[in-house]
1. I want to confirm something. Restricting to segment 265-316 and keeping residues that are assigned to a helix (DSSP H, G or I) and acidic (Asp, Glu), which single residue is nearest to residue 170 (Cα to Cα)?
2. Checking the conditions here, which among 54, 91 is touching a Ser or Thr at 6+ places or on another chain (Cβ under 6 Å), among the basic types (Lys, Arg) and in contact (Cβ under 8 Å) with a residue 12 or more places away in the chain?
3. For residue 121, state whether it is under 30 Å from residue 293 (Cβ atoms), in contact (Cβ under 8 Å) with a residue 40 or more places away in the chain and either assigned by TED's automatic domain parsing to the domain that holds residue 308 or out of contact with any His (no Cβ under 6 Å at 6 or more places or on another chain) (or both).
4. Here are the criteria: (1) in contact (Cβ under 8 Å) with a residue 60 or more places away in the chain; (2) surrounded by fewer than 19 Cβ atoms within 10 Å (Cβ to Cβ). Tell me which single one residue 100 does not satisfy.
5. Are any of the residues in segment 145-155 buried (at least 20 other Cβ atoms within 10 Å of the Cβ), touching a strand residue (DSSP E or B) at 6+ places or on another chain (Cβ under 7 Å) and assigned to a loop (DSSP other than H, G, I, E, B)?
6. Among the residues that make up segment 75-85, is at least one of them crowded, with 16+ Cβ neighbours inside 10 Å, aliphatic (A, V, I, L, M) and under 16 Å from the mean Cα position of the chain (by Cα)?
7. Somewhere in segment 29-44, is a residue of a type outside the set (D, E, K, R), crowded, with 21+ Cβ neighbours inside 10 Å, in the same structural domain as residue 228 (by TED's automatic domain parsing) and assigned to a loop (DSSP other than H, G, I, E, B)?
Amino acid sequence: MRVLITGGAGFLGSHLCDRFLTEGHTVIAMDNLITGSTDNIAHLAGHERFTFIKHDVTNYIFIDGPLDAILHFASPASPIDYLELPIQTLKVGALGTHKALGLARDKQARFLLASTSEVYGDPQVHPQPESYYGYVNPIGPRGVYDEAKRFAEAMTMAYHRYHGVDTRIVRIFNTFGPKMRLRDGRVVPNFIAQALRGEVLTIYGDGSQTRSFQYVSDLVEGVYRLLFSNEVEPVNIGNPGEFTIKEFAEIVNELTQNSVGMVYKDLRTKDDPQVRQPDISKARQVLGWAPNVSLREGLKLTIPWFREELQRRGEL
C-alpha cells in the first residue's frame, strides 16, 4: 500500500510510519512541525519507501500518484499545546479533516481518523463505551480540542454516508512511550522528567482523578488492525488498567528511585476529566485486540529513552 500519515513527525505518527514501513508499505509523512519534530523521523531519511512533506493540512493537500490509505493524525494533542494553539487546534480538526477527507475521496483511499477519548469529556458513564455521547463543555478551555475531534468524527461519518468514502475512526486513550515531547505538558513526560531530575512530582488537583495509560506499541497495533478491518464506527483503543494520578506518581518515583515525593497544585484547566477508562469490548470482539504491555512494563521501556534525551540536552 501507499499510505499518507498526517502528523507523521509527531509522537504517534512517527511510530505509525515505522510500523507501516516494517510491514512493507510505502509511507508519505506530512507535518507542519508545529508540535511534531523531524527528530522523530530522522532515522528514516534516505529510506527508499519513505517521503516527508512539510505542509499544513488545513491548506489544500496535493499528493502526486495513487494513495491506498490516509491516516489523519495531525493535531496538537496536549493541554499545553491546545491552550497555546486554540485556533490551530480547531482548524486542524475541522479544515484539516475536511482537506484530508477530500483527498481520500479523490484518491479513493481508505481514511482513518485519529479521534480521542476526550470526546467523552468529563464522563458521567464509567468506563466509557463507544455508545456514550460524552459530557463536553464546548466553551471551556479544553473545548477547542474536544469539539475539534467531535466535529472531525461527524465530518468523517458525513463523507462516509454521503460520498461513500471508506472510513475508520479510532478513539485513542492516554498513550505513552519513546518520542513523547519532554515538555508537552501531559502527566507522563512531566512526572518522568521531574523524577529523573530528582525533583518533586507536581500533581494538579488532589491526585484522585484517574487515567488509563497504554504503551505506544499497543496503540499502533490497534490502529493497524482497525485500518484493515471492516468497522466503520468508532472503536476505543486503550488500556483499561485504571490508576489515580497519585498512584501513577508513586509508580514513576519507584521505577526512577526518586524519593523526593509530591506536591499538589490547583488544576490548570476546569473541566479536567475526573475519570478515564476505556471499555474495549468492541476492540476485543471486532479486532481481536487487547493491550499486551502493562503500565510498569511500558514505563521501563520509556524511562531510559527520557533519560537519554535529557542527557543529550544537557539537562541531567
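1. 297
2. Every option except 91 fails the conditions.
3. Numbers: under 30 Å from residue 293 (Cβ atoms): yes; in contact (Cβ under 8 Å) with a residue 40 or more places away in the chain: yes; either assigned by TED's automatic domain parsing to the domain that holds residue 308 or out of contact with any His (no Cβ under 6 Å at 6 or more places or on another chain) (or both): yes.
Yes; evaluated as a whole, the condition is true for this residue.
4. Unmet for residue 100, out of (1) in contact (Cβ under 8 Å) with a residue 60 or more places away in the chain; (2) surrounded by fewer than 19 Cβ atoms within 10 Å (Cβ to Cβ): (2).
5. No; the residues of segment 145-155 include none that is buried (at least 20 other Cβ atoms within 10 Å of the Cβ), touching a strand residue (DSSP E or B) at 6+ places or on another chain (Cβ under 7 Å) and assigned to a loop (DSSP other than H, G, I, E, B).
6. Checked segment 75-85: at least one residue is crowded, with 16+ Cβ neighbours inside 10 Å, aliphatic (A, V, I, L, M) and under 16 Å from the mean Cα position of the chain (by Cα).
7. Yes, the conditions are met somewhere in segment 29-44.
The rows are residues; the columns are (1) in contact (Cβ under 8 Å) with a residue 12 or more places away in the chain; (2) outside the structural domain of residue 220 (by TED's automatic domain parsing); (3) surrounded by 12 or more Cβ atoms within 10 Å (Cβ to Cβ); (4) out of contact with any helix residue (DSSP H, G or I) (no Cβ under 9 Å at 6 or more places or on another chain).
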| residue | (1), (2), (3), (4) |
| --- | --- |
| 246 | yes, yes, yes, yes |
| 255 | yes, yes, yes, no |
| 268 | yes, yes, yes, no |
| 282 | yes, yes, yes, yes |
| 287 | yes, yes, yes, no |
| 297 | yes, yes, no, yes |
| 306 | yes, yes, yes, no |
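The values are calculated or read from the model by the stated rules, or taken from the named source; none is laboratory data. All of these numbers come straight from a predicted model, not from anything done at the bench. Quick reminder, even Gly has a Cβ in these numbers, built from the backbone with ideal geometry, and neighbours come from all protein chains shown.
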